[in-house]
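Here's the structure, in structure tokens; my notes come after.
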Amino acid sequence: MDETKKKEQATTHKIGIYLWIWGLLFVLSFFSYMVDWYNFQGMLRWSLILIFMFLKAGLIMAFFMHLFWERYALVNVLLWPMTAIACFIFLMVAEFEYTVFTRIFYFVTGG
Amino acid sequence: MSDPKIEGYVFKPGFSGMAKDTGSDQTMFKGVHWGKAMMWIFLLSDTFIFSCFLISYMKGRGSTLVDWPYPSEVFGLHVFGVDVPLLLIAIMTFVLITSSGTMALAVKYGYEKNRKMCGWLILATAIGGLTFVGMQAFEWSKLIHEGVRPWENPFGAPQFGSFFFMITGFHGTHVSIGVIFLFIYAYKTFAGHYDERKRGWFTTMKGDYVEIEILGLYWHFVDLVWVFIFAFFYLW
Amino acid sequence: MHPGIIFFLVILGSILFHIFTPWYWTDVASNWGGMDDTITLTFWIGGGVFIAVCLFMVYCVFKFSYKEGRRAEYKPEDKKLEKILTWATTIGVVALLAPGLVIWNNYVNVPKNAIEVDVMAWQWGWQYRLPGKDGKLGTTQVVNINDNNPFGINTDDPYGKDDVMIQSDVLNLENNKPVKILLRSVDVLHNWYVPQFRAKMDAVPGIVTYYWFEPNKVGEYEVLCVEYCGVGHYAMRGGVIVQSDQDYKNWLEQQETYSDLIAKQQNKEINKKKLAKKIN
Amino acid sequence: MSEEYNDNKTVHAQSSETISGGTSGVAPDIDYVRPAEIPEQDLYHGHSFITKWVFCQDAKVIGVQYFLLATFTGIIGLILSWLMRLQLGFPGAAGFMTAEHYYQFVTMHGMIMVVYFLTALFLGGFGNYLIPLMVGARDMVFPYLNMVSFWMFFIAVLVLLSSFFVPGGPTGAGWTLYPPQTILEGTPGSGAGILLMCLSLILFVAGFTMGGLNYLITVLQARTRGMTLMRMPLTVWGIFTATVLAMLAFPALLVGALMMSLDKVLGTSFFMPTILKAGEVLEYGGGSPILFQHLFWFFGHPEVYIVALPAFGIISDLISVHSRKNIFGYRMMVWAIVGIGGLSFFVWAHHMYVSGMNPWFGFFFATTTLIIAVPTAMKVYNWILTLWRGNIRMNTVMLWCLGFIVTFVNGGITGIFLGNVSVDVPLSDTYFVIAHFHMVMGIAPLMVIMGAVYHWFPLVAGKFLDEKLGKWHFWLTFLGAYSIYFPMHYLGFIGVPRRYFEMYDSPYMTSAVGMNEFISLAAFLVGAAQFILIYNIIRALKVGKPAGHNPWQACSLEWLTPKVPPEHGNWGDRLPVVHRWAYDYSVPGAKEDFITQTTAPSEVVDTGVEKT
């Protein structure tokens, strides 16, 4: 791996990019905190929370964890399994809605 | 990092590069150190652990008919006579992101073989992590003082306490382990193990600054998980 | 003996066993005959594949047994054959899946005229509740359950007052009338299953689950618990009596309702007080 | 531990001059293989008995350790199954057998066989031994971690077995551990038993993660020169994909086990709704038992394939070697393994059709489940098409392969019954299910394990196992096991529920008495027959016929080590260089009926070999 090292040494990223991302993360965190501060509710709150969350997660993964510069072989291996998680989330949303429906219907409201 | 140079192998970009890398002999992740590949796969597995925790939390919170406590009040602080929602959490987030940034720079200086800079940055990261753990301990003790327990809480659904302590506890354990390793690696960096290519403990591999990047991946992952916990536990 | 012969006999034995088996399903006594038909269809397609694959294997074993000096065929791939086999399998699978999904669609959509039956399970027994004149069951809560309110009916729910309570593990049903079984459990998982009706579903504490069927044979049936529920699981039985229209009505009239029970309790209380007064 | 490493093996290929399969002189262009990307691995060589055989860092020794420990727990599982069958066939014959004991045995039998026997044996045992050899590595990439992995497994087994000796005994909740009954009175071992079970599982997962990272990185990053993914033997593909599944599925089990322990110890209500027990309302409320089932089966279904995929891979290699023919449709086989593995994360709730989950899930899961049937069927076709026009050696290994095909197809077909949602309704929770999964993930993988033992024993020990004893072993096992599980399906049809301690007197169950007796007798016989193998192994170690190099005339790398059995470091001075896939059998025009993976193209130019 010696020759690899030499190469990488030459192409480490400029410090500016790290500082930029760092700054952006603070700004985004501040924004998501503001969502709570201004007490947004409903869909607006949800979408804002999720947007800021994914932006932050994406920035950390892409630049701090260097995924942006990694080869696609690695990136794809890491990201495709998330479809299983997505499926799990999607189905569990349907599941808790069903659970809460039966609970309300048979234990509280009836009729 | 960017494409390494490999004798007899021409890199292709994008998806065709992916097909070529996958179809080639010896390695699939070209130029990726064994330890780094291992850390990535481990983090993938760990992602599934945290996903299962958060999915359970979503299912649990969604299923209960008892009102869920209002997080921005529960986690609020009373400072200088004003109620500030989520103040502590905001500071914790700030601390963790700061430490993530110093870690990223440590990795950069590590690859540039800047021993001093790298070591100090790792130390700064470790201290950031320690602060985070300390603040979490403060938050736990505050909640316990207010009567929140894993099995009950005065604000509403008992699952609130259960999931809160379990998930933040699991995350806090990750941070603590990370802090321990950060201190060890800070020592190793200052002692010059990576410059001298000294063998590590329990391994036959020679010391290399790539180990800083591997630790960095773990640390950024811990930060990443916090992003999700912050969104789903404190803001939802 | 050549091993191929034994393998052949195993296949033959399986077929013969299937044809002559005395162990086979009980006669269906509900509308779910379609499930049996799907099983039969699966037997034809799946069994056919099983026999074909195994016989082909036996043939190969006979035909291509090791001979010194003979060379096997060298053919890494046969795209065309693989394509044909993939499509044939896909068609077979679709043929099995389609009727399965149609029946499942029936299974989860309960007919409007179905009578609701509340089946309450505990370790280890059953009891049942039928709607009263209003045709509706009252809501329940586990915390309400006590000696005076064995089903935990919410006392402020008007629909609950006339509910018919059957504190026995035997349930009577009217023939040719769809029933919607509403399952609930007060402690652990259970499952209310009558093999002749084919249908089943777990009773889960904390929620209410359901399924429906229409009994179509008068008679007595045994209810089994088929979801493991602790040491008494194997002994957790119940019964169903499917009756004709008139018998069912007669039986129903003799059953106690929740308001009867409350009245009885109140009488008891009053009598007790009277008694206490007398003694004093 | 002394810090002495062997550095002199650091042969770094500096130039493009390649080393081709042992030939000397200047290699022609068609033999060109890229130089090594990474320097050679340093290995720690043990010196004392402890570092060589106990805390050993050699993957081969670790593999054998895994194999032996898994077999030991497997024998415990076997004895438990005997006790269960004794009760079912001849109720009351064992005087001490109460319902509590019966359910504890059922639970421990299931958990041991699935996790501590099959998973550990296939991935820990065969994985450790074969992966480095088959991909041409000197060892696993992280030998120390690999060693810790085994010892974690060891502790997990100790914790599991210790639950037999705590008050209340081991958990009797069924291997699925469904709450709420798992942690409530009324279920045997609901105190210490279940906690030890959860702890043991968590330890197993932790240990397995260490091993699994090793297997994955070794396959991905430590293959030898010329070894592309599409030249790997299917055994490696099977174990590799199974390990991927394990890495992604075990987290769900870990989370479930942790949450259940908290429910038990701290009184949280993750899985516990309001519960009325003996007239008292317990201090639980609002939890969801079905959540645990989802977590469990999100792990549990991939777990089925964690056991099945290595079996698929190994059987492909065994059939190919012993029919002297390449595996038919290698690419299809690889894609089928990968496809089955990927799909297995989208089908979990087909175990829960009648669990009371959202009824609309039935449509989704029935469809995804039956989609899996297509790649699985393709694999079966390819196995029998490999036999077609082969030159089949009817030895013990081949017999196990044929036994596998029969039992696997049988179990696979009954899987289609259970995967199809409305067919599952009458059959679920009956003996049909038991018969199905024992056939498909009990007997079929066992056939593969046995075949693999007879196949690779000459490599591990350098000696052949006895063929005659092997054939007895096979026929007793195969015919016995088939006559246990084939008739058992019909018990399910008449509606006999599973997990019944006693059948009592229901009319359709009394008719099953005779069959139960028969099944029990067959079970005793099959269990006893396994001791033939143990005798055979001990005998072979003492007086077995020496095997020598490559006794089966196989192509794959594990047979091409300079020494048999291979020593630590596997390859002597030079790593092998691979030029072809592992299946060049019976190539027209070739001198022998096999061309090893290391044979350079220039040596076989006149033959009809295809480029792979």
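A few notes on this one:
- Within chain C, the whole DSSP H helices whose Cα atoms reach 27 Å or more along their own axis and whose mean Kyte-Doolittle score is at least 0.0 are C:33-63, C:79-108.
- Of B:19, B:37, B:106, the one that fluctuates the most in a GNM where chain B has Cα springs shorter than 10 Å: B:19
- For the protein assembly as shown, a crude dipole built from +1 on the beta carbon of Lys and Arg and -1 on the beta carbon of Asp and Glu, taken about the Cα centre, is about 1680 debye to the nearest 20.
- Principal-axis tilt of helix D:330-343 within chain D, Cα atoms, nearest 10 degrees: 30
- Here each label is just a point 7 Å from Cα along the line to Cβ, and for residue C:220 and residue C:176 those points are 2.4 nm apart.
- Shown for D:288, D:483: other C-beta atoms within 10 Å of each C-beta, ranked fewest to most, produce the order D:483, D:288.
- Under 21 Å from residue B:206, Cα to Cα: lysines that are on another chain or at least 8 residues apart: A:5, A:6, A:7, B:5, B:30, B:36, B:108, B:113, B:116, B:188, B:198, D:9
- Helix D:467-494 vs. chain D, principal-axis angle (Cα, 0 to 90°, nearest 10): 40
- log10 of Debye I(q)/I(0), alpha-carbon scatterers only, for chain D at 0.08, 0.09, 0.12 Å⁻¹: -0.58, -0.73, -1.26
- Percent of Cα pairs in the range D:463-530 per distance bin of 10 Å, from zero to the largest separation: 19, 41, 23, 11, 5, 0.
- Paired Rg and Dmax values of the range C:115-270, which use every Cα atom, in angstrom: 15.2, 48
- Rg(Cα) / (2.2 N^0.38 Å) computed for the protein assembly as shown, rounded to two decimals: 0.98
- Sorted from longest to shortest, the spans of the Cα atoms of the range A:2-70 along the three principal axes equal 55, 19, 10 Å.
- Computed log10 I(q)/I(0) for the range B:12-78 at 0.15, 0.20 Å⁻¹: -0.72, -0.93, from the Debye equation with unit scatterers placed on every C-alpha and solvent omitted.
- For the range D:180-292, the alpha carbon positions stretch 71, 23, 19 Å along the principal axes, listed from largest to smallest.
- Hydrophobic, long helices, defined as DSSP H runs whose alpha-carbon span along the helix axis is 30 Å or greater and whose mean Kyte-Doolittle value is at least -0.5, occur in chain B at B:34-63, B:87-111, B:115-145, B:158-190.
- Estimated 222 nm signal from helices in the protein assembly as shown, with DSSP H stretches of n ≥ 4 weighted -39500 (n - 2.57), rounded to 500: -19000 deg cm²/dmol
- Least to most buried among C:39, C:270 (fewest other Cβ within 10 Å first): C:270, C:39
- Between 0 and 90°, nearest 10: helix D:59-89 axis offset from chain D longest Cα axis: 30
- Taking Lys and Arg as +1 and Asp and Glu as -1, the other residues whose beta-carbon sits under 9 Å from that of residue C:190 total -3.
- Contact order relative to length of chain D, as percent, for alpha carbon pairs under 8 angstrom and 6 or more apart: 15
- Relative frequency of Cα-Cα separations exceeding 25 Å in the range C:1-159, percent: 64
- The range A:2-70, relative contact order in percent, only Cα pairs under 8 angstrom and at least six apart counted: 32
- Environment charge at residue C:26 (Cβ cut-off 12 Å; Lys +1, Arg +1, Asp -1, Glu -1): -1
- Membrane-span-like helices of chain A, defined as complete DSSP H segments with a Cα extent of 27 Å or more along the helix axis and a mean Kyte hydropathy of at least 0.0, are identified as A:15-37, A:82-104.
- If the convex hull is drawn through the Cα atoms of chain C, its volume per residue in Å³: 208
- Dipole of chain C [Lys/Arg +1, Asp/Glu -1 at C-beta], most positive-end residue of C:58, C:121, C:109: C:58
- Subset of B:20/D:611; D:60/D:468; C:67/D:463 violating a 23 Å alpha-carbon distance limit: D:60/D:468; C:67/D:463
- Length-normalised contact order for the range C:192-280 - Cα pairs under 8 Å, 6+ apart - percent: 20
- Volume per residue of the convex hull around the Cα atoms, evaluated for the range C:173-224, comes out as 72 Å³.
- Stokes-Einstein diffusion coefficient of the range B:34-235, Kirkwood radius over Cα pairs, 25 °C, 0.890 mPa s, in µm²/s: 134
- Value of D in µm² per second that Stokes-Einstein yields for the range D:473-582, Kirkwood Rh from Cα pairs, at 10 °C (1.306 mPa s): 85
Read-outs throughout are calculated quantities, based only on the coordinates presented, and are distinct from any laboratory measurement. The model shown is predicted, which means the values in this text are computed figures rather than measured ones. Here Cβ is always computed from backbone atoms with ideal geometry, including for glycine, and neighbour counts include all displayed protein chains.
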